[in-house]
Amino acid sequence: MDNVEKIKTPLFSNITSEDLEHIYEPYEDSFLLIDALEKDLHMIRERQPSVCLEVGSGSGVVLTALASALGPRCQYRATDINPKACRVTRETGKLNGVQIETTCTDLVSAVQDELKGKVDVLLFNPPYVVTPSDEIGRGDLEHTWAGGERGREVMDRLFPCVNSLLSPQGLFYLVALKENDPDDICETMTKFGFSNTTLLARQTGPEKLCVLRFGHKQLFE
Amino acid sequence: MKLITHNMLTSKGIKNVKEGFPLKIQADEVKNVDIDFDQDFISKMVPKLDWNALIFAAQCVGHKEDLPDTLPEGYENDEDLLRKLHHILLEVEVINGCLECPETQRKFPISNGIPNMLLNEDEV
């Protein structure tokens, strides 16, 4: 019987109503990603990660949850295009006793060159809602959900970077919506040399969500 | 911004920039924090660092102290050195200031410990 260890949902009482006018409030998709990490915790731990990076960390609740479970033997880094989200991410970490270093940048632009081959756990809960392309990044809140055509326009920009970011044992966790065409996402990532697993799938309200996990093909053969 | 973070930031997103690394640090406000020392963790992080960039960063914030110019062999067992590294990497935080691209001199502000590396449309 697998040792099922729970990941505690972090406190996020630091988030003010003013903050919520600019950042994404932890919601079902955030908790789904945490549940997926909980499911994979044993495998993640086995790899003894030293660097965990969350792209578009928003409130910071997901990275904080992982950091609380893995402990201080790992560097926790977050990026977000919104400086307010960077601040809230750090605060959420602090409230839960974890250190998160945040950088305000577009996806991984400022960090991808020096983090080549170093990221052991990569997390992305992207803006996945299908919207007209011109809604992407129109404002702070649009950054959190507007995904353009098929809801894919933002996440598609990260996929080509994943191969060089991940360490040989690295794992990439992605939240996606049925409308994003997860099969097509998996096909794209297969071309980059990754094998995939659908860790969790859940319907919350009108959204059919899933969490996909990718790792270098050699790891899963 | 801790110096361990500085060690991974570049301005290479700016068009025509070849390396954009290391960024020069102008520290207006620096804070010291207390983080528990974990020898194994620091040992593990050392090979992932750009040593020259770390020395440069330490100099920028006035904390070069007695860090060697090159990483000595057998560093994994040198507790003294690892403790110094622990301090400089994790316990020195730049709260306010800026980072400067070595090729274009473009400045990126650091506020509340967070470096803002966002580029304008015309820079990309």
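The values are calculated or read from the model by the stated rules, or taken from the named source; none is laboratory data. Keep in mind it's a predicted model, so treat the numbers as computed, not measured. Here Cβ is always computed from backbone atoms with ideal geometry, including for glycine, and neighbour counts include all displayed protein chains.
Please give the number of the condition B:PRO22 fails out of (1) facing another protein chain (nearest Cβ under 10 Å); (2) at pLDDT below 95. Condition not satisfied by B:PRO22: (2).
Within this structure, A:MET189 passes the test of being more than 14 Å from the chain's Cα centre (by Cα) and closer than 26 Å to B:GLY13 by Cα. B:VAL17 meets the conditions (1) within 14 Å of the chain's Cα centre (by Cα); (2) more than 9 Å from every other protein chain (Cβ to nearest Cβ); (3) part of a loop (DSSP other than H, G, I, E, B); (4) under 26 Å from A:CYS86 (Cα atoms) in every case but one. The failed one is (1). Screening segment B:82-92 for residues that are more than 10 Å from chain A (Cβ to nearest Cβ) and touching a residue at least 40 places away in the same chain (Cβ under 8 Å) and picking the one that is surrounded by the fewest Cβ atoms within 10 Å (Cβ to Cβ) gives B:ARG83. Within segment A:196-221, the set of residues being assigned to a loop (DSSP other than H, G, I, E, B) and in contact (Cβ under 8 Å) with a residue 40 or more places away in the chain comprises A:GLY205 only. Considering segment B:72-97, and only residues there that are in a strand (DSSP E or B) and touching a Leu at 6+ places or on another chain (Cβ under 9 Å), the residue that is farthest from A:ALA85 (Cα to Cα) turns out to be B:VAL92. Looking at segment B:30-44, is at least one residue in a loop (DSSP other than H, G, I, E, B), of a type in the set (Phe, Trp, Tyr) and in contact with a His (Cβ under 9 Å, 6 or more places away or on another chain)? Within segment B:30-44, one or more residues are in a loop (DSSP other than H, G, I, E, B), of a type in the set (Phe, Trp, Tyr) and in contact with a His (Cβ under 9 Å, 6 or more places away or on another chain). The strands (runs of 3 or more DSSP E) found entirely in segment A:49-147 that carry 3 or more residues being more than 8 Å from chain B (Cβ to nearest Cβ), in contact (Cβ under 8 Å) with a residue 12 or more places away in the chain and crowded, with 18+ Cβ neighbours inside 10 Å are A:51-55, A:75-80, A:119-124. State whether the residues of segment B:93-114 include one that is within 11 Å of chain A (Cβ to nearest Cβ), under 14 Å from the mean Cα position of the chain (by Cα) and of a type in the set (Asp, Glu). Taking every residue of segment B:93-114 in turn, at least one turns out to be within 11 Å of chain A (Cβ to nearest Cβ), under 14 Å from the mean Cα position of the chain (by Cα) and of a type in the set (Asp, Glu).
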